[in-house]
Amino acid sequence: MENKYVTSSFFHNEIKKKSIERNAEKYSLILFYIFSTNYNLNLHLKMRYQILLIITISFISCEKEVSEKNYDTARILSYEVNPKKSNLQFCWKNEQGQIYGNAKNLKAQLQTKGQELIFAMNGGMYKKDQSPQGLYVENGSIITPIDDKKVGYGNFYLQPNGIFYITKDNVAAICVTDALNVAKRNIKYATQSGPMLVIDGRLHAKLNQGSKNLNIRNGVGVLPNGNLLFAMSKEKINFYDFATFFKQNGCKNALYLDGFVSKTYLPEKNYEQLDGNFGVMIVIVTSEE
């Protein structure tokens, strides 16, 4: 079933991709026919056709493997994002200084500009006034500074905590808080949260297997290809199992964003949670018309 929220540019890219796949399949069949029926071709020419056939088939296989990758499980909803190709943004307040608070408010405002909301997820912990807890950078401006306290109440202070950031070159990274020098990283967007889930390929040492501390949770990890893996549990889950999801999918570093309040807007997968009342959101939107 087609999703009315997916933009025309998305459909254009999908149609273009499928057209390439169909043409590649057609050319492979032609090459196979030439190779198998023309007995008079010399050996050198046959070898060239054979190599070309192998390359074409490999292209089809690789294209389909990438496009069909799905990290979802029965317990976890996920979304892979290429930060270099997607219009990924962090947002908190609108131009009038009002906090968006949820995907519904953001979506409505985007539509007045001729834009569509493709993906949204709460993007870090916040205080009672919905202001970001810890570091928050938006469009290169530091809105709130790093919270470098080592002791405090709540999951945020389960050390080490960490920072998820995007550089101005659209490179995504996650690191422990102590490792980040904001002034030297050319940062466009950043949000601080805690705890880290995966650190240098290992689960956070304080996460306990079989823990009864269950909640709806969401987080983000960096995949080996540099893409981002956003995830939210569909049911209550403990930290250990949630962190294991990121590690099993190859994330060297992953960060917990929040729990209980977690919401995801992803109509592509029939998830349209528009409600909520939180702080920062991580979103993907279409470009302005």
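The values are calculated or read from the model by the stated rules, or taken from the named source; none is laboratory data. All values reported here derive from a predicted model rather than from experimental measurement. Every residue, glycine as well, gets a Cβ built from its backbone with ideal geometry; the counts of neighbours run over all protein chains shown. We work out accessible area using only protein heavy atoms, side chains counted, and drop any ligands, DNA or RNA first. Shrake-Rupley method; radii C 1.70, N 1.55, O 1.52, S 1.80 Å.
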Qualifying residue in the stretch 114-125 (condition: loosely packed, with under 13 Cβ neighbours inside 10 Å, among the small types (Gly, Ala, Ser) and within 20 Å of residue 176 (Cβ to Cβ)): no
Pair list, Cβ under 6 Å, 6 or more apart: the stretch 226-242 residue under 16 Å from residue 269 (Cβ atoms), other residue among the basic types (Lys, Arg) and not in a loop (DSSP other than H, G, I, E, B): 233/217
Residue within the stretch 165-179 that is more than 25 Å from residue 79 (Cβ to Cβ) and of a type in the set (Gly, Ala, Ser) present: yes
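Go through the stretch 256-272 and give me each residue that's part of a loop (DSSP other than H, G, I, E, B) and under 17 Å from the mean Cα position of the chain (by Cα). First the steps, then the outcome.
The initial filter retains those residues of the stretch 256-272 that are part of a loop (DSSP other than H, G, I, E, B), namely 260-263, 270.
Residues satisfying the conditions are 262, 263, 270.
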Subset of the stretch 199-246 (residues that are open to solvent by 80 Å² or more (accessible area, probe 1.4 Å), closer than 20 Å to residue 156 by Cα and not small (Gly, Ala, Ser)): 200, 202, 206, 208, 209, 212, 214, 236
Residues of the stretch 161-200 satisfying the condition of being touching a helix residue (DSSP H, G or I) at 6+ places or on another chain (Cβ under 7 Å) and part of a loop (DSSP other than H, G, I, E, B): 161, 194, 195
Failed criterion for residue 284 (all others in (1) farther than 16 Å from residue 76 by Cβ; (2) in contact with a Lys or Arg (Cβ under 9 Å, 6 or more places away or on another chain); (3) assigned to a strand (DSSP E or B) hold): (2)
The stretch 126-171, residues that are touching a residue at least 40 places away in the same chain (Cβ under 8 Å), open to solvent by 30 Å² or more (accessible area, probe 1.4 Å), on the phi > 0 side of the Ramachandran plot and more than 18 Å from the chain's Cα centre (by Cα): 130, 139, 140
Qualifying residue in the stretch 214-231 (condition: within 20 Å of residue 79 (Cβ to Cβ), modelled with pLDDT of 95 or more and basic (Lys, Arg)): yes
Boolean, residue 192 is more than 18 Å from the chain's Cα centre (by Cα) and surrounded by 12 or more Cβ atoms within 10 Å (Cβ to Cβ): no
Of the criteria (1) under 13 Å from the mean Cα position of the chain (by Cα); (2) under 21 Å from residue 160 (Cβ atoms), which one residue 244 fails: (1)
Failed item in (1) exposed (fewer than 15 other Cβ atoms within 10 Å of the Cβ); (2) free of Cβ contacts under 8 Å to residues at least 24 places away in the same chain, with residue 185 passing the rest: (1)
